[in-house]
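Novice: Please see the structure below; I have some questions.
The values are calculated or read from the model by the stated rules, or taken from the named source; none is laboratory data. Keep in mind that this is a model prediction, so the values were computed, not measured. Cβ: placed from backbone, ideal geometry, glycine included. Neighbour counts: every protein chain shown.
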Amino acid sequence: MKCFSGEHYHQLDAKNRIRIPAKFKSEISEKLVFSKGVTPCIYVLPYSEYAEMVEKFNNLPQFDAQIQLALSVYMASFEVLEEDNQGRILLPNSLLEYAGIEKNVVTVGAKNRLEIWGEERRKALTSQKTFEEYMALLSSRLS
């Protein structure tokens, strides 16, 4: 399993392309899968992490219509996106809109995935609690 951490501030170019920051890219040697995140950001998973997650979905009940609809909605947001010759990735409008990305971007390492955030949205959401409150929340779930 990959273990990404840290953050990098950068910008979309005029054609809605980004580069995966070098500090993260050096740890990736496979295709990347992009999707809507559980939080309003773009998840970026190495293909092996994506395949592992999809394997877990095989355990969901096949005849539960609500679960299958939720799975369909989630899986519809996944796309393998390729770099161009200059290392840029064109982000689809649907993902940009979902994440609230207009220009300024924050790419965050979040364990087995990267998260691509609109800078303003990330600041607004993360400022709702103090660092200590976030640590207490994590600690309560690990115990």
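Novice: Just checking, does segment 49-60 include any residue being closer than 12 Å to Arg113 by Cα and in contact (Cβ under 8 Å) with a residue 60 or more places away in the chain?
Specialist: Here is the first cut: in segment 49-60, the ones closer than 12 Å to Arg113 by Cα are 49-50, 53.
Filter once more, so that each one left must be in contact (Cβ under 8 Å) with a residue 60 or more places away in the chain: 49.
Yes, segment 49-60 contains at least one residue that is closer than 12 Å to Arg113 by Cα and in contact (Cβ under 8 Å) with a residue 60 or more places away in the chain.
Novice: Where the second residue is part of a loop (DSSP other than H, G, I, E, B) and surrounded by 12 or more Cβ atoms within 10 Å (Cβ to Cβ) and the first is charged (D, E, K, R) and lies in segment 3-24, which pairs have Cβ atoms under 8 Å and are six or more apart or on separate chains?
Specialist: Listed pairs, sorted by first residue: Asp13/Arg88; Arg17/Arg88; Arg17/Leu91; Arg19/Gly87; Arg19/Arg88.
Novice: State whether one or more residues within segment 3-22 are part of a loop (DSSP other than H, G, I, E, B), more than 15 Å from the chain's Cα centre (by Cα) and exposed (fewer than 12 other Cβ atoms within 10 Å of the Cβ).
Specialist: So the first thing to find is which residues in segment 3-22 are part of a loop (DSSP other than H, G, I, E, B), and the list is 3, 5-6, 12-16, 19-21.
Narrowing the set further to residues that are more than 15 Å from the chain's Cα centre (by Cα) leaves 12-16.
Among the residues that remain, those that are also exposed (fewer than 12 other Cβ atoms within 10 Å of the Cβ) are: 14-15.
Within segment 3-22 (the criterion being part of a loop (DSSP other than H, G, I, E, B), more than 15 Å from the chain's Cα centre (by Cα) and exposed (fewer than 12 other Cβ atoms within 10 Å of the Cβ)), the answer is yes, since at least one residue qualifies.
Novice: What is the one condition in (1) of a type outside the set (S, T, N, Q); (2) modelled with pLDDT of 95 or more; (3) in contact with a Cys (Cβ under 9 Å, 6 or more places away or on another chain) that Gly100 does not satisfy?
Specialist: Gly100 satisfies all of (1) of a type outside the set (S, T, N, Q); (2) modelled with pLDDT of 95 or more; (3) in contact with a Cys (Cβ under 9 Å, 6 or more places away or on another chain) except (2).
Novice: Given the residues Glu102, Glu120, Glu115, which is the only one that is assigned to a loop (DSSP other than H, G, I, E, B) and surrounded by 14 or more Cβ atoms within 10 Å (Cβ to Cβ)? Show your work before the answer.
Specialist: Numbers: Glu120 fails: assigned to a loop (DSSP other than H, G, I, E, B); Glu115 fails: assigned to a loop (DSSP other than H, G, I, E, B).
Of Glu102, Glu120, Glu115, the one residue that is assigned to a loop (DSSP other than H, G, I, E, B) and surrounded by 14 or more Cβ atoms within 10 Å (Cβ to Cβ) is Glu102.
Novice: Further question on the same structure: Considering segment 84-96 alone, what residues qualify as being surrounded by 12 or more Cβ atoms within 10 Å (Cβ to Cβ) and not in a strand (DSSP E or B)? Walk me through it before giving the result.
Specialist: Just the residues of segment 84-96 that are surrounded by 12 or more Cβ atoms within 10 Å (Cβ to Cβ), to begin with: 87-92, 94-96.
Of everything in segment 84-96, those that are surrounded by 12 or more Cβ atoms within 10 Å (Cβ to Cβ) and not in a strand (DSSP E or B) turn out to be Gly87, Arg88, Leu91, Pro92, Ser94, Leu95, Leu96.
Novice: Among residues belonging to segment 22-44 that are aromatic (Phe, Trp, Tyr) and under 13 Å from Val108 (Cα atoms), point out the one that is modelled with the highest pLDDT.
Specialist: First, the residues of segment 22-44 that are aromatic (Phe, Trp, Tyr): 24, 34, 43.
If we keep only those that are under 13 Å from Val108 (Cα atoms) too, we end up with 24, 43.
Details: Phe24: 92, Tyr43: 97.
Top of the filtered list is Tyr43.
Novice: Right, something else. What do you reckon, is Ser72 of a type in the set (Ser, Thr, Tyr) and surrounded by 14 or more Cβ atoms within 10 Å (Cβ to Cβ)?
Specialist: Here the answer is no, as Ser72 does not meet what is asked.
Novice: So, one more: Anything in segment 31-63 that is more than 26 Å from Arg122 (Cβ to Cβ) and part of a loop (DSSP other than H, G, I, E, B)? List them, or say none.
Specialist: Scanning segment 31-63 gives Asn58, Asn59, Leu60, Pro61, Gln62, Phe63.
Novice: Could we say that Gln66 is free of Cβ contacts under 8 Å to residues at least 12 places away in the same chain, not in a helix (DSSP H, G or I) and not small (Gly, Ala, Ser) here?
Specialist: Values: free of Cβ contacts under 8 Å to residues at least 12 places away in the same chain: yes; not in a helix (DSSP H, G or I): no; not small (Gly, Ala, Ser): yes.
Here the answer is no, as Gln66 does not meet what is asked.
Novice: Here is a list of conditions, (1) closer than 12 Å to Arg113 by Cβ; (2) exposed (fewer than 13 other Cβ atoms within 10 Å of the Cβ), and Ile42 meets all of them except one; can you say which number that is?
Specialist: (2)
Novice: Of all residues in segment 114-143, how many are of a type in the set (Lys, Arg) and under 14 Å from His8 (Cα atoms)? I'd like the intermediate steps shown before the answer.
Specialist: At the first step, the residues of segment 114-143 found to be of a type in the set (Lys, Arg) are 121-123, 129, 141.
Within this subset, residues satisfying the condition of being under 14 Å from His8 (Cα atoms) are 122-123.
Summing the residues that are of a type in the set (Lys, Arg) and under 14 Å from His8 (Cα atoms) in segment 114-143 gives 2.
Novice: Specify which of the listed residues (Glu30, Glu132, Glu79) is closer than 23 Å to Cys3 by Cα, of a type in the set (Asp, Glu) and touching a residue at least 24 places away in the same chain (Cβ under 8 Å). Explain how you work it out, then say what you get.
Specialist: On the way: Glu30 fails: touching a residue at least 24 places away in the same chain (Cβ under 8 Å); Glu132 fails: touching a residue at least 24 places away in the same chain (Cβ under 8 Å).
Only one candidate passes the filter, namely Glu79.
Novice: Quick one: how many residues across segment 61-74 are closer than 25 Å to Trp117 by Cβ and among the small types (Gly, Ala, Ser)? Working first, answer last.
Specialist: Within segment 61-74, the first condition is being closer than 25 Å to Trp117 by Cβ, and the residues that meet it are 70-71, 73-74.
Then keep just the ones that are among the small types (Gly, Ala, Ser); that gives 70.
Of the residues in segment 61-74, 1 are closer than 25 Å to Trp117 by Cβ and among the small types (Gly, Ala, Ser).
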